[in-house]
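The values are calculated or read from the model by the stated rules, or taken from the named source; none is laboratory data. Note that the structure is predicted; figures quoted are calculated from it, not measured. Cβ: placed from backbone, ideal geometry, glycine included. Neighbour counts: every protein chain shown. Note: accessible area is taken over every heavy atom of the protein model, side chains too, but ligands, DNA and RNA are not part of it. Shrake-Rupley method; radii C 1.70, N 1.55, O 1.52, S 1.80 Å.
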Amino acid sequence: VEAPKRLIELATLAMAGDFLTPQVLKVTVRAEMDMRRPDLASELVQSALSHWREQVLLLPAREEGGEGGRGEAGKKGGKKGLPACYAEALKWLCRLGSSESGVHSSTGGREGGREGGREGGGAETMKKAEVRAREEEETGRREGSMALALETLTLLGVLGGGREGGREGGVGPLGLSLEEVGGLLTTVGKAYLKRGDTVGATRMVGGMVGWGVKPMMEVCNDLLRQQGKQGRVEGMFHTLDLMREGGLHPDADSYNHVGNTLVKSVEFVAGAVSMDTLPGRVLPEVCFIGRSNVGKSSLLNM
């Protein structure tokens with residue numbers, strides 16, 4: 001029935017009863033986005049994260065304060081579902097924080113009637129001001145979403161970690177597995193790439209390598225491609241170093257992105273039939289030697 005505010009009320013009831021599961025969050029946030037209400041979707045995700053943050057902060061007290069079997073039961077029950085909850089929330093935070101939120105108007109149908117009435121009055125300046133205000137609101141929401149995503153990763157102990165920590169009991173207060181850590185960092189890294197933020201994406205790839213998690217080839221190649229378009233040559237070599245350190249060998253696409261950035265043009269200078277007729281040496285040279293029709297020219301033309 002397209003009642004976006006009613007969805008917020010239902011989600012609040014779920015939080016109060018501690019029934020806010022990843023499935024509930026997914027259904028409600030997706031519905032808000034479908035109704036072109038990213039403002040309410042963002043509000044819902046932030047409320048969910050605040051709710052789960054309180055549970056994370058209370059975990060140490062629950063684990064130490066229980067008596068008999070209650071302490072262990074609370075420990076297991078408190079941690080069990082939270083990683084999936086945070087993974088779902090981060091996914092929507094990143095969608096809201098990327099440039100592909102799929103929504104151009106932050107207020108959706110709420111503004112429809114107002115704008116229709118103002119068209120009759122010819123208030124063009126007022127309409128432009130409203131559009132500008134909505135764009136600024138959307139930009140602020142995107143920036144806030146990504147900042148909250150980083151804050152969440154820090155809360156979970158994912159950022160700034162290393163291979164020496166979190167092996168036995170897992171990573172952070174929730175005892176995340178390395179697979180879960182890699183999933184969270186990949187989600188945020190992809191969001192940075194959608195925004196064209198190669199610095200943020202590099203930080204996420206470096207975080208994966210720091211935990212000993214092999215980054216995805218798709219993410220690394222997209223990062224190399226964008227770094228090349230931005231002319232960040234040093235960043236590209238840093239990404240290649242991170243790939244090797246993480247046990248991911250660069251593939252043909254990886255080197256193609258680097259080559260397209262470094263080699264701007266190729267010019268034929270001269271052909272030589274002997275050492276004496278070679279042109280004077282100005283730059284470092286590479287020599288390809290082989291029999292006829294083995295691919296020397298094809299390799300050069302690549």
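Checking the structure you have, find out if any residue of region 148-157 is outside any helix (DSSP H, G or I), of a type outside the set (Asp, Glu) and at pLDDT below 95.
Checked region 148-157: at least one residue is outside any helix (DSSP H, G or I), of a type outside the set (Asp, Glu) and at pLDDT below 95.
Residues checked against (1) within 30 Å of residue 238 (Cα to Cα); (2) under 46 Å from the mean Cα position of the chain (by Cα); (3) not β-branched (Val, Ile, Thr):
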| residue | (1), (2), (3) |
| --- | --- |
| 266 | yes, yes, no |
| 274 | no, no, yes |
| 277 | no, no, no |
| 291 | no, no, yes |
| 298 | yes, yes, yes |
| 301 | yes, yes, yes |
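Would you tally the residues in region 71-93 being modelled with pLDDT under 90 and open to solvent by 60 Å² or more (accessible area, probe 1.4 Å)?
Residues flagged as modelled with pLDDT under 90 and open to solvent by 60 Å² or more (accessible area, probe 1.4 Å) within region 71-93 amount to 5.
For residue 61, which of the numbered conditions (1) at pLDDT 80 or above; (2) of a type in the set (A, V, I, L, M); (3) assigned to a helix (DSSP H, G or I) fails to hold?
Only one criterion in (1) at pLDDT 80 or above; (2) of a type in the set (A, V, I, L, M); (3) assigned to a helix (DSSP H, G or I) is unmet by residue 61, namely (1).
Which of the residues belonging to region 218-247 are open to solvent by 20 Å² or more (accessible area, probe 1.4 Å) and not in a helix (DSSP H, G or I)?
Selection gives 230, 231, 232, 247.
Looking for something among the small types (Gly, Ala, Ser) and surrounded by fewer than 21 Cβ atoms within 10 Å (Cβ to Cβ) - is there at least one such residue anywhere in region 184-194?
Taking every residue of region 184-194 in turn, none turns out to be among the small types (Gly, Ala, Ser) and surrounded by fewer than 21 Cβ atoms within 10 Å (Cβ to Cβ).
Filter region 17-49 down to the residues that are part of a helix (DSSP H, G or I) and closer than 20 Å to residue 80 by Cβ and list them by number.
22, 23, 24, 25, 26, 48, 49
Taking region 250-302 on its own, how many of its residues are surrounded by 10 or more Cβ atoms within 10 Å (Cβ to Cβ), outside any helix (DSSP H, G or I) and modelled with pLDDT of 90 or more?
Residues in region 250-302 being surrounded by 10 or more Cβ atoms within 10 Å (Cβ to Cβ), outside any helix (DSSP H, G or I) and modelled with pLDDT of 90 or more: 3 in total.
Of everything in region 44-58 that's at pLDDT below 90 and touching a Leu at 6+ places or on another chain (Cβ under 7 Å), which residue is most open to solvent (accessible area, probe 1.4 Å)?
In this case the residue turns out to be 53.
Tell me the residue from 68, 112 that is open to solvent by 70 Å² or more (accessible area, probe 1.4 Å), at pLDDT below 85, small (Gly, Ala, Ser) and farther than 29 Å from residue 200 by Cβ, please.
68
What's the number of the condition residue 212 fails, among (1) open to solvent by 30 Å² or more (accessible area, probe 1.4 Å); (2) part of a helix (DSSP H, G or I); (3) in contact (Cβ under 8 Å) with a residue 24 or more places away in the chain?
(2)
Looking at region 162-175, is at least one residue in a helix (DSSP H, G or I), modelled with pLDDT of 50 or more and not acidic (Asp, Glu)?
There is no residue in region 162-175 that is in a helix (DSSP H, G or I), modelled with pLDDT of 50 or more and not acidic (Asp, Glu).
Does residue 21 satisfy the criteria of being in contact (Cβ under 8 Å) with a residue 60 or more places away in the chain, more than 20 Å from the chain's Cα centre (by Cα), under 23 Å from residue 149 (Cα atoms) and surrounded by 13 or more Cβ atoms within 10 Å (Cβ to Cβ)?
Judged against the criteria, residue 21 is a match.
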